[in-house]
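Take a look at the structure set out below.
The values are calculated or read from the model by the stated rules, or taken from the named source; none is laboratory data. As the structure is a prediction and not an experimental result, all values here were calculated from the model. All Cβ positions, even for glycine, are placed from backbone atoms using ideal geometry, and neighbour counts span all protein chains on display.
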Amino acid sequence: MSTAAQPPHDISVETLEEIAKRNQTWPVMAGKYGVENPVPPWKTSLDGMCDAIDRSCAGDDLGFSFQDRRDEEDVLSATRYADLPYPENQLVALAHSLVARGVIDEVELRRRLEAVRARLEA
Amino acid sequence: MSEHHHDHDHDHDHDRTVKPMVNEITDFEVLEIALRELCIEKGLFTAADHRLFTEFAEQIGPTPAARLVARAWLDPEFKHLALTDPLAASKQVGVDWLDPTGFGTPSDFAAFKILENTPTIHHVIVCALCSCYPRPILGNSPEWYRTPNYRRRIVRWPRQVLSEFGLVLPDNVEVRVEDSNQKHRFMVMPLRPRGTDGWTEEQLAEIITRDCLIGVALPTPGVTTNVITKTRPAIRGIAH
């Protein structure tokens, strides 16, 4: 992965593509377990995260504005993550944008995913 | 719940007494937590900020907007206030646009305007660029509002898109599509329908659904929600 001046959607983030490929999306999981909630339980937490980022990151050195986030989400949802439904595509697009900007390192993200999963499964 | 003695000596099936859950940790659940933790560690926001925004996202909905319109239908002075000073009118239904979360201004702070429908003008809102929406007063936008399909087509072919929502307007009604943006938010004040004479504010508010306030539906007596729920027989957890 490179953070050179490439558009974020031109950058491949293997960790996120693997997640997209495994397709543990809410419609699939809800169908498997007979759950009726239309959206996954983490949806409002993601909303909170997007709001917090929009509020804090637009004016700082990162320059990641609401408009940037939504534009990239639209492009990524139509291209790299076209097979994911909403809000999975929103979550993965947000992660992609942050990795592509170098805010989060992909190796660091992969390690954290492993650590969080281990904690939740403990 | 049951006439059985609850001593767990019998072959009791607890799975049939609780709602089903996804009994597996998904990649997306893990990703949401991992991403949030990394953002907090890198100082993008604090855990307390996130919790407050999440609480805000969970409690907002279209109820204040419905009350505002219902009150405007009943009270000409309040209607005048709603159309001339929508922020002041919002405050009277419990929404402070300058500080909707109570802890600062989120990204959707806006110049807010209420668009009054008339017998010959129908408004519908969109955000052609992304998904700007009057969230403090209308709650989170529906999924379809965010789609490029709605955003692109409502601007070009509003009547066609409205008809897909089941709203077919006569030719003598002009359709105005109002495009939101980062600085401006809109909501529609629909016309009060016939058959509502003598109704209370509460009764009127019930028929002013979210979609009426976006402009893809019209308030109709007897229609109190846009959601059609399926019913099914109750699951009996006992007496098998």
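A few notes on this one:
- Top-ranked residue in the stretch B:30-49 [being of a type in the set (Gly, Ala, Ser) and more than 7 Å from chain A (Cβ to nearest Cβ); ranked as nearest to A:Val116 (Cα to Cα)]: B:Ala47
- Qualifying residue in the stretch A:90-99 (condition: surrounded by fewer than 16 Cβ atoms within 10 Å (Cβ to Cβ) and either at the interface with chain B (Cβ under 9 Å from one of its Cβ atoms) or within 16 Å of A:Ile11 (Cα to Cα) (or both)): no
- Comparison of A:Leu94, A:Leu16, A:Leu98 shows that the only residue that is touching a residue at least 60 places away in the same chain (Cβ under 8 Å) and part of a helix (DSSP H, G or I) is A:Leu16.
- Just so you know, in the stretch A:17-44 the residues that are more than 8 Å from every other protein chain (Cβ to nearest Cβ) and in contact with a Phe, Trp or Tyr (Cβ under 9 Å, 6 or more places away or on another chain) include one that is nearest to A:His96 (Cα to Cα), and it is A:Glu17.
- Lone qualifier among B:Leu169, B:Leu138 - being at pLDDT 95 or above, aliphatic (A, V, I, L, M) and in contact with a strand residue (DSSP E or B) (Cβ under 7 Å, 6 or more places away or on another chain): B:Leu169
- Complete set of residues in the stretch A:29-45 that are in a helix (DSSP H, G or I) and touching a Ser or Thr at 6+ places or on another chain (Cβ under 9 Å): A:Met29, A:Thr44, A:Ser45
- Scope the stretch A:45-70; condition within 7 Å of chain B (Cβ to nearest Cβ) and not hydrophobic (A, V, I, L, M, F, W, C); matching residues: A:Ser45, A:Asp47, A:Gly48, A:Asp51, A:Asp54, A:Arg55, A:Ser56, A:Gln67, A:Arg70
- Some residue of the stretch B:182-194 being touching a Gly at 6+ places or on another chain (Cβ under 6 Å), within 13 Å of B:Ala65 (Cα to Cα) and either modelled with pLDDT of 95 or more or not aliphatic (A, V, I, L, M) (or both): yes
- Inside the stretch B:52-87, residues that are within 20 Å of B:Gly139 (Cα to Cα) and either among the polar types (S, T, N, Q) or within 14 Å of chain A (Cβ to nearest Cβ) (or both) make up a count of 11.
- Per-region count, the stretch A:101-113, residues part of a helix (DSSP H, G or I), surrounded by fewer than 17 Cβ atoms within 10 Å (Cβ to Cβ) and within 10 Å of chain B (Cβ to nearest Cβ): 3
- Any hit, the stretch A:63-83, residues being farther than 21 Å from B:Arg146 by Cα, at pLDDT below 95 and outside any helix (DSSP H, G or I): yes
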